[in-house]
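Colleague: Here you go, one structure.
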Amino acid sequence: MNCSIVGYARTSLASEKIENQTHKLLEAGIPSDLIFTDVGISGAVPPHQRPGFQKMIEAIQTAGITHIYTFELSRISRDLTDTLNVLRDFDNMNVCLRSLSPTESWLQCDPSIRSLITSVMSWCAMRERENLVERTKLGLENAKRQGKTLGRPWVDIDMKKVARLHDEKGIKYTEIAKKMGIKYSTLMKRLNDM
């Protein structure tokens with residue numbers, strides 16, 4: 001690698017398009033082979049547990065990388081402690097994090113100001129995640145009150161057939177589940193509920 005910059009992009013859902021972020025990173029001059037991505041991984045997952053993030057750290061350690069560009073700080077993490085730890089790690093590696101978000105231009109300024117604002121912004125991202133979780137819970141409660149079925153659809157299992165196959169023919173539950181086209185865990189849960 002001849003380049004001293006890398007890019008990082010992340011989406012929380014596999015259905016989200018990462019291309020919006022990678023396009024901005026390409027526009028910033030980052031070669032496509034130096035853009036590391038994690039698709040469908042929540043910002044609540046610690047950065048060092050994400051495969052794309054780990055590969056980026058390996059590249060930083062072996063290739064003399066000096067700058068990391070990201071679409072916005074929330075792509076790194078939505079957890080205050082994780083964000084601060086990652087920024088400290090980057091500082092220890094003499095790597096500067098740059099956000100492409102116009103509202104996060106403070107990442108380019110004086111390190112002490114950057115540290116202060118990073119703390120505030122990380123806290124805001126963490127609060128937004130907490131709010132999202134709370135809104136999801138409220139939405140689920142509301143759906144339940146309205147009588148909507150939540151979760152996976154109910155699977156009809158002929159428990160008499162299961163008992164016959166297991167007790168009379170000695171077939172294991174794993175095989176019965178396969179034969180009936182259901183998950184083993186579903187069958188076992190149903191048996192335990194009896």
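Read-outs throughout are calculated quantities, based only on the coordinates presented, and are distinct from any laboratory measurement. Just so we're clear, the structure is a prediction, and the values are computed from it rather than from any experiment. Every residue, glycine among them, receives a Cβ derived from its backbone with ideal geometry; neighbour counts consider all protein chains shown.
Colleague: Just to be sure before I move on: is residue 130 of a type in the set (Asp, Glu), surrounded by 13 or more Cβ atoms within 10 Å (Cβ to Cβ) and within 19 Å of residue 72 (Cα to Cα) in the structure I sent?
Modeller: No; evaluated as a whole, the condition is false for this residue.
Colleague: Here is a follow-up. If you scan segment 163-192, which residues turn out to be more than 24 Å from residue 153 (Cβ to Cβ) and outside any helix (DSSP H, G or I)?
Modeller: 169, 170, 171, 172
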